Amino acid sequence: MSFKQIVLGTFVFCNLVFADSDPPPLDLAISNALEHMRNSEYREAEPLLRAALKELDGQPDPDPRRGPVLNNLGATRYYLGDLAEAENLYLRARAEMKANPDGNYASVITNLGMLYLRAGNFESAESLLEEALNIHQRDPGRDSPEAASDLSHLADLHRRTARYNEAEREARRSAAILSHAGGDRRIALGDVLQTLASICQAQGNLVESERLNHRALELRESALDAADPRIAASLASLADLRVHQNRYDEAEQLLKRALAIWRRAFGDRHFNVAAVLNNLAQIYKVTNRHAEAENFYRSALEAWEWSLGRSSVDYALGLANLADLYRIEGRLYASAELYRESLAILEPRLGSAHPNVVAVKAGLDQAVRANRRQRENTVDFRALLRK
C-alpha cells in the first residue's frame with residue numbers, strides 16, 4: 001500500500017478593508033491576527049478573529065470585513081485540524097461575498113476547494129479550484145501569481161487522483177509563472193515544487209523528485225522559521241522519497257523531525273500528524289517491527305477519525321495499511337474485513353481504476369485466498385472433507 005503523502009497547501013488569507021469610522025482597536029486586532037497567521041501561529045490568531053467577528057456581528061449594518069474575517073477564521077480552524085467548522089466558516093464567508101466576486105471571493109473559493117481536496121471530495125474541489133482560476137485569469141491576468149497558485153492546487157488534486165500528465169503540466173506552468181513574478185514568491189514556489197516532486201516520484205522519476213524536494217526545502221527554509229509546519233511537510237515528503245529508495249533509517253529520522261514539529265504546532269489529532277504516524281508505521285512494517293507498526297497505525301486512524309471522519313479517503317487508506325499488516329502476520333479474517341471496509345469508502349470516491357483501489361482489491365483477494373488455503377490445510381477441515 002502506498003506511503004501517505006502529507007498535504008499542506010498554503011491557504012489564502014483575505015485582504016481586509018478597514019472602514020475609517022470603526023474604532024482602531026478592532027482594526028489592530030484583525031491586523032495582529034493576520035500577522036500571527038503569516039507566521040503559522042494559528043492558536044494565537046483564532047481568539048483575535050473570534051472577538052473581531054463577534055463585534056462585527058453586533059453591528060446593525062453589513063461590514064465589508066465580515067466575509068474576510070470569516071474566511072481567515074476558517075483557515076485557522078483548518079490548520080488546527082477542525083475541518084467541519086472550517087467548512088461552515090468558509091461557506092458563510094462565500095455567502096457574504098458572493099454578491100461581489102472579487103479577489104477576496106476567489107480566496108474563499110480557493111480555500112473551500114482545498115478543504116474538499118483534503119477531505120477527499122475531489123469533484124467539488126476541482127469545480128471550486130477551476131472557478132477560482134477563472135476569476136484570477138480575468139483580473140489581473142492569465143499569468144498572475146494568484147492564477148499560478150490555483151494551478152498548483154489543481155496539480156495537487158490531479159496528482160491525488162492519479163491524473164499525472166495533467167498534474168505535471170499545471171505544476172510546471174505554475175512554477176514558471178512564479179519564477180518570473182515580482183516580489184518574494186519563495187513560499188508559493190516552494191509549495192508548487194513540492195507538489196511537482198511528488199508527481200515526479202509517482203511517475204518513477206526519482207532523480208528529478210530528489211532535486212525538486214531539496215529545492216522546495218531550501219526555499220521554505222530561507223523564508224520560514226525552522227519550526228514552521230511547512231518545513232515539516234518538506235521533511236515528510238523527502239522521507240517518502242527515501243522509503244522508495246529503501247533508505248529506511250534516513251526516512252525514519254526525517255519523519256520523527258516532522259512529527260515533533262507537527263505535534264508542537266497542532267497537537268496529536270491533526271490529520272497531518274496522522275499521516276506522519278502512518279508513514280512511520282509503514283517503515284516499521286517493512287522492517288519487521290510489527291508491534292510498533294500496529295500501534296502507530298491505530299494512532300493514525302484515531303487522529304484521522306477525529307479530524308476527517310471515518311468516511312474520508314485518508315482513513316480508508318489507513319485501514320488498508322493495517323489490513324496489509326494483518327495479512328502479513330496471517331491474521332487473514334481480520335485483514336479481509338479491513339480491506340472490505342476500506343474498499344467501500346475508496347471505490348465510490350476514487351473509481352475502480354485508481355491505483356489505490358486496485359491495490360486494496362489485490363490485497364483483499366490475497367487475504368481471501370490465503371484464508372481459504374489456511375482453512376483447507378487444517379486437520380479438522382481435511383477430516384470434514386473425508387466424511
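The values are calculated or read from the model by the stated rules, or taken from the named source; none is laboratory data. The structure displayed is predicted, hence computed values, not measured ones. Cβ placement follows ideal geometry from the backbone for every residue including glycine, while neighbour counts extend to all protein chains displayed.
Taking segment 27-43, which residues are of a type in the set (Gly, Ala, Ser) and modelled with pLDDT under 85?
Scanning segment 27-43 gives a single hit, SER40.
Here are GLY141, GLY182, GLY190: which of them is at pLDDT below 95 and at positive phi?
GLY141
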### Summary
Going through segment 319-346 in order, the residues found to be surrounded by 21 or more Cβ atoms within 10 Å (Cβ to Cβ), small (Gly, Ala, Ser) and more than 22 Å from LEU308 (Cα to Cα) are SER335, ALA336
#### Entry: Counted residues, segment 41-75 - those being in contact with an Asp or Glu (Cβ under 6 Å, 6 or more places away or on another chain) and crowded, with 22+ Cβ neighbours inside 10 Å
1
### Task
Keeping to segment 130-186, report how many residues are part of a loop (DSSP other than H, G, I, E, B), over 21 Å from GLU208 (Cβ atoms) and among the hydrophobic types (A, V, I, L, M, F, W, C).
1
### Query
Taking into account only those residues within segment 347-362 that are part of a helix (DSSP H, G or I) and touching a Leu at 6+ places or on another chain (Cβ under 9 Å), which is surrounded by the fewest Cβ atoms within 10 Å (Cβ to Cβ)?
LYS361
